[in-house]
Amino acid sequence: QVQLVESGGGLVQPGGSLRLSCAPSRIISSIGIMGWYRQAPGKQRESVARITNGGSTNYADSVKGRFTISRDNAKNTMFLQMNSLKPEDTGVYYCFIQAAEGNYWGQGTQVTVSS
């Protein structure tokens, strides 16, 4: 069973930055899309950023220009650089991997933006 391990969450002041990382417990073959989702209290989980194996990216309108998703295909890892954070970015962030062998979710990492 593959586990996705996230790290990098925490408490940050508005305007600050965080970098999230996600790595699987073993190498996964034939990965397609990798992405980050988030869930704010009382809200549904939403897509934040996605990246294809070719490097094409897609972002939620609310994070465009502030967040950057990237991936290291050799290590199956992905990252989310979050700058100019706002209180509305608060939530649990989950990484997601879509692969030929199956789809995988991380356990979530808490991001809290507050002064």
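Check region 70-92 and report whether any residue there is hydrophobic (A, V, I, L, M, F, W, C), in contact with a Gly (Cβ under 7 Å, 6 or more places away or on another chain), modelled with pLDDT of 95 or more and within 18 Å of L18 (Cβ to Cβ).
yes
Restricting region 14-33 to residues that are out of contact with any Leu (no Cβ under 8 Å at 6 or more places or on another chain) and not in a strand (DSSP E or B), which is surrounded by the most Cβ atoms within 10 Å (Cβ to Cβ)?
I28
What's the number of the condition S17 fails, among (1) free of Cβ contacts under 8 Å to residues at least 24 places away in the same chain; (2) closer than 13 Å to Q81 by Cα?
(1)
Could you please give the count of residues in region 41-60 that are polar (S, T, N, Q), over 21 Å from V92 (Cα atoms) and open to solvent by less than 50 Å² (accessible area, probe 1.4 Å)?
1
Contact list please: Cβ distance under 9 Å, first residue in region 22-49 and farther than 18 Å from V63 by Cβ, second residue of a type in the set (S, T, N, Q) and open to solvent by 80 Å² or more (accessible area, probe 1.4 Å), pairs at least six apart or on different chains.
Qualifying pairs under 9 Å: P24/Q3; S25/Q1; S25/Q3; R26/Q3; S30/N53; I31/N53; I31/N73; G32/N53.
Hey, can you tell me all the residues within region 66-101 that are free of Cβ contacts under 8 Å to residues at least 40 places away in the same chain, surrounded by fewer than 18 Cβ atoms within 10 Å (Cβ to Cβ) and of a type outside the set (V, I, T)?
Matches in region 66-101: R66, S70, D72, A74.
Need the failing condition index for W36 against (1) out of contact with any Cys (no Cβ under 9 Å at 6 or more places or on another chain); (2) assigned to a strand (DSSP E or B); (3) surrounded by 15 or more Cβ atoms within 10 Å (Cβ to Cβ), just the number.
Here W36 clears every test but (1).
Restricting to region 1-13, and then to whatever is part of a strand (DSSP E or B) and open to solvent by 30 Å² or more (accessible area, probe 1.4 Å), can you tell me which residue is modelled with the highest pLDDT?
Per the stated criteria, the residue is L11.
Suppose the filter is surrounded by 15 or more Cβ atoms within 10 Å (Cβ to Cβ), within 15 Å of W105 (Cβ to Cβ) and not polar (S, T, N, Q); does V63 pass it?
no
The values are calculated or read from the model by the stated rules, or taken from the named source; none is laboratory data. None of the values given here were measured: they were computed from a predicted structure. Cβ atoms come from the backbone with ideal geometry, glycine included; neighbour counts cover every protein chain shown. Surface areas here come from the heavy atoms of the whole protein model, side chains and all, with no ligands, DNA or RNA. Shrake-Rupley method; radii C 1.70, N 1.55, O 1.52, S 1.80 Å.
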